[in-house]
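Enquirer: Below is a structure I'd like to ask you about.
The values are calculated or read from the model by the stated rules, or taken from the named source; none is laboratory data. All values reported here derive from a predicted model rather than from experimental measurement. Here the Cβ is made from the backbone with ideal geometry for all residues, glycine too, and neighbour counts use every protein chain on show.
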Amino acid sequence: MSLFHELKRRNVIRVAAAYIFISWLLVQVIGLTASSFEAPLWVMKMIIALLLIGFIPTLMFSWAYELTPEGLKKDSEVDQSNSDTTHTAKKLDIITLMAIFGIAVLISSQQMNQSVPINTTKTQTDTKIQIGPSLHKNGIVVDIETRINPASIAVLPFVALSNDESDEYFGKGIAEELLNSLAQFPELKVAARTSAFSFEGKNVDLREVGKQLGVAHVLEGSVRRSGEKIRITAQLIRATDGFHLWSHTFERKLDNIFAIQDEIVRELSRVLQLRLGVGLGQSVAKQTKVNPTAYDLYLRGLNFWAKREKNDNRQAGIRAFQRATELDSNFSDAWAALGISYVLTDPQLIAGENIETWSSTKKNVLSKALELDPNNARAHAAFSFLYVSQEIDIQKAQYHLDRSMQLAPNAAFAHYVKAHVLGIMGSYSIALNAFQRAMDLDPFNETYFRVHKQALTALGRNDEALNLFDDCNFCSERGKYFWTFEMAFLTNHDELRKRRDDLLAFVENDIDSSSYAGRNFITSQALLGEISFEQAYEEVPKMYERTYRFLNIANQADVDAGIDGLFKNYMSNNLFDDRGQLFIMPNRFEATDSMRRHPRYHEFWSLPGMVELAEIRLKNGAPWGLPLPIDENNTP
């Protein structure tokens, strides 16, 4: 008798098949429900290990024993002439088929969940509420009503429980890292740091947090460091009623911090998959080890960078990122953070940086980040911003933008960069949609708010931009004065005169912002004709060189001075900052016909990258500021 025939006779093969299918079904069901019962991760691992260990003993048992009408008996004790294993085989076949049916049902339900476009489905549990800050127009509240997407979450800063009060930044940093990881889930809306962290230190009900940020879930937690160990407790809460959906405590060594982050996101992905069909199997760990001191500096840098409106904080953040990369040269996120800070900072604000080599320094840092982690979404976004605003290369800008959006489709910074890139390329309507998406993800970000409204003004939607700024209930007083002032000098002189008086009064009571306010005030004097541009030139360069160049371009009576300003901006990699791009937009600072017909203006548009930019702007129906046929009278 062959071995295979004997295995078949004793139903060993059927037992093996039934065991495999039942075990697979158990693992899937337990995996989907473990989080709901707040089971720790080791429980799942233990169950899988026990099932694997039990496989061989089960087969050996089925070989040695036979199920008879009198019960289990050793195969050697059964009269083979009267043995009937067919009845047992039928039972095993039925059990196996039932397991296969259960597996089919489970797979079908998962595919249905994943195929449903979560961000467009409206369910009976959707809540109609006001999203974000209250906006007013002419004294009347304008409700922004929408339906909260069930697949949405905000990560609040984790509370630091360590004895050292300076560890506050550590809890914020951990929360931001988790936030950035969750933003990689295509179907999941994730509130950005600026907005999610705006509730820090405030006694606000989580239901209000959910309404203000437009999210259905909130992730909060705590961090405790002790020596080389770290303990993180995280809990997922339903914002509508405060119900705790999941909580867990993770403990590791500090040099294994990424493993903790990966575990948290994996656990969350199981909960989100079970409830919403989002993110099953997602993982974020790009590296497993990091120098603890470097990681500490990296989180310090994130905290400083989040408050970079004060230049001291900006510089402190950059120094922290620099030191982190020195201590751990393989720390990709630190290189990416350093690259972003470089791209968004003028070299004169960074001590020791060489202006002449600034462009190559930025690219080298971002290239290092992508060399260590080709899928670093933030590094790709920063590269895209660099190649469209500082060193013009439209193809590279588009490539890095596409990669950033693929890798982190719900990152607010990626959508902000997308808006900037599309605006420079002349796709203004799509750019405004991208701005709106960035603010939907980060509704309390004043920078996104300001640049978006400035774009509206440059496109002629002046009243809308001014009214929104005047009544923004989350903008700082500094922001209100300075940014409504900027809108004013983009629109008309009457608004500029009225708001300039407010600005001057604010300058006298705010020494810290006097430099920024001062150059705005001098700019207003020149634009109103109260002082000559030559007088403004004497004062503004002492405070800010780019404003000086902007005045050169704005002084449309002096074509040569305006073109000089464009060349200087290009050579210093600062061509298309928020003001510098006004000469290619339909506003009162658009380049004049006399400038556009000048031979030197044509020379400017022949610089590397500018020809391709002109072609794509024409293709997108945005001819503003592009060269016109040369006026022979201007030919030297």
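Enquirer: Return a yes/no flag: does segment 134-142 have any residue that is more than 20 Å from Leu441 (Cβ to Cβ), among the basic types (Lys, Arg) and modelled with pLDDT under 85.
Expert: Yes: one or more hits.
Enquirer: Tell me, please, whether a residue that is at pLDDT below 95, more than 21 Å from Asn311 (Cα to Cα), touching a Gly at 6+ places or on another chain (Cβ under 6 Å) and not aromatic (Phe, Trp, Tyr) can be found in segment 383-405.
Expert: yes
Enquirer: Moving on to the next point. Residues in segment 182-209 that are without any contact (Cβ under 8 Å) to a residue 40 or more places away in the chain and assigned to a loop (DSSP other than H, G, I, E, B): how many?
Expert: Taking segment 182-209 as the starting set, the residues that turn out to be without any contact (Cβ under 8 Å) to a residue 40 or more places away in the chain are 201-208.
Subsequent filtering for residues that are assigned to a loop (DSSP other than H, G, I, E, B) retains 201-205.
Qualifying residue count for the region: 5.
Enquirer: If you don't mind, there's one more thing I want to ask. Return yes or no: is Leu366 of a type outside the set (Gly, Ala, Ser), at pLDDT 95 or above and farther than 27 Å from Leu566 by Cα? If you could, list the steps in order and put the result at the bottom.
Expert: On the way: of a type outside the set (Gly, Ala, Ser): yes; at pLDDT 95 or above: yes; farther than 27 Å from Leu566 by Cα: no.
Judged against the criteria, Leu366 is not a match.
Enquirer: With the requirement that a residue be within 24 Å of Tyr169 (Cβ to Cβ), of a type in the set (A, V, I, L, M, F, W, C) and under 20 Å from the mean Cα position of the chain (by Cα), what does segment 216-235 give you?
Expert: Val218, Leu219, listed by residue number.
The rows are residues; the columns are (1) modelled with pLDDT of 75 or more; (2) surrounded by fewer than 19 Cβ atoms within 10 Å (Cβ to Cβ).
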{"position": "Ile430", "(1), (2)": "yes, yes"}
{"position": "Gln436", "(1), (2)": "yes, yes"}
{"position": "Glu446", "(1), (2)": "yes, yes"}
{"position": "His452", "(1), (2)": "yes, no"}
{"position": "Ala458", "(1), (2)": "no, no"}
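Enquirer: Follow-up. What pairs come up if the first residue lies in segment 303-330 and is outside the structural domain of Ser195 (by TED's automatic domain parsing), the second is of a type in the set (S, T, N, Q) and assigned to a loop (DSSP other than H, G, I, E, B), and their beta carbons are under 6 Å apart, counting only those six or more places apart or on different chains?
Expert: Pairs that qualify, where the first residue is outside the structural domain of Ser195 (by TED's automatic domain parsing) and the partner is of a type in the set (S, T, N, Q) and assigned to a loop (DSSP other than H, G, I, E, B), are Leu327/Asn291; Asp328/Asn291.
Enquirer: Quick test of your reading of the structure: Glu615 fulfils all but one of (1) assigned to a loop (DSSP other than H, G, I, E, B); (2) without any contact (Cβ under 8 Å) to a residue 60 or more places away in the chain. Name the failing condition by number.
Expert: That leaves (1) as the condition not met.
Enquirer: Restricting the first residue to segment 567-594 and requiring it to be part of a loop (DSSP other than H, G, I, E, B), which pairs with a second residue that is surrounded by fewer than 17 Cβ atoms within 10 Å (Cβ to Cβ) and among the β-branched types (Val, Ile, Thr) meet a Cβ separation below 9 Å and a spacing of at least six or different chains?
Expert: Ser572/Ile355
Enquirer: Right, another one. Quick one: is Glu603 within 27 Å of Phe435 (Cβ to Cβ) and not small (Gly, Ala, Ser)?
Expert: no
Enquirer: Now a separate question. Tell me which helices (runs of 4 or more DSSP H) are completely within segment 293-386 and hold 2 or more residues being polar (S, T, N, Q) and within 23 Å of Glu168 (Cα to Cα), or say none if there are none. Full working, then the answer.
Expert: Details: elements: 311-327, 332-343, 358-372.
Here the list reads 311-327.
Enquirer: For Leu401, only one of the following conditions fails: (1) within 24 Å of Lys289 (Cβ to Cβ); (2) of a type outside the set (Gly, Ala, Ser); (3) crowded, with 20+ Cβ neighbours inside 10 Å. What is its number?
Expert: (1)
So that you can scan it fast, the table gives a plain yes or no per residue for (1) modelled with pLDDT of 90 or more; (2) buried (at least 22 other Cβ atoms within 10 Å of the Cβ):
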site	(1), (2)
Gly301	yes, yes
Arg308	no, no
Asn311	no, no
Arg319	yes, no
Ala324	yes, yes
Leu327	yes, no
Ala337	yes, yes
Ile340	yes, yes
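Enquirer: Assess whether Asp346 counts as being of a type in the set (Asp, Glu) and either touching a strand residue (DSSP E or B) at 6+ places or on another chain (Cβ under 9 Å) or under 16 Å from Glu177 (Cβ atoms) (or both). So that I can check it myself, show each step before the final result.
Expert: Working: of a type in the set (Asp, Glu): yes; either touching a strand residue (DSSP E or B) at 6+ places or on another chain (Cβ under 9 Å) or under 16 Å from Glu177 (Cβ atoms) (or both): no.
Taking the combined requirement at face value, the residue does not satisfy it.
Enquirer: Same structure again: Which count do you get for residues in segment 239-258 that are β-branched (Val, Ile, Thr), surrounded by 18 or more Cβ atoms within 10 Å (Cβ to Cβ) and part of a strand (DSSP E or B)?
Expert: The number of residues fulfilling the criteria is 0.
Enquirer: With (1) in contact with a His (Cβ under 8 Å, 6 or more places away or on another chain); (2) crowded, with 22+ Cβ neighbours inside 10 Å; (3) under 23 Å from Phe444 (Cα atoms) as the list, and Ala234 as the residue in question, which single condition is left unmet?
Expert: Condition (3) is where Ala234 drops out.
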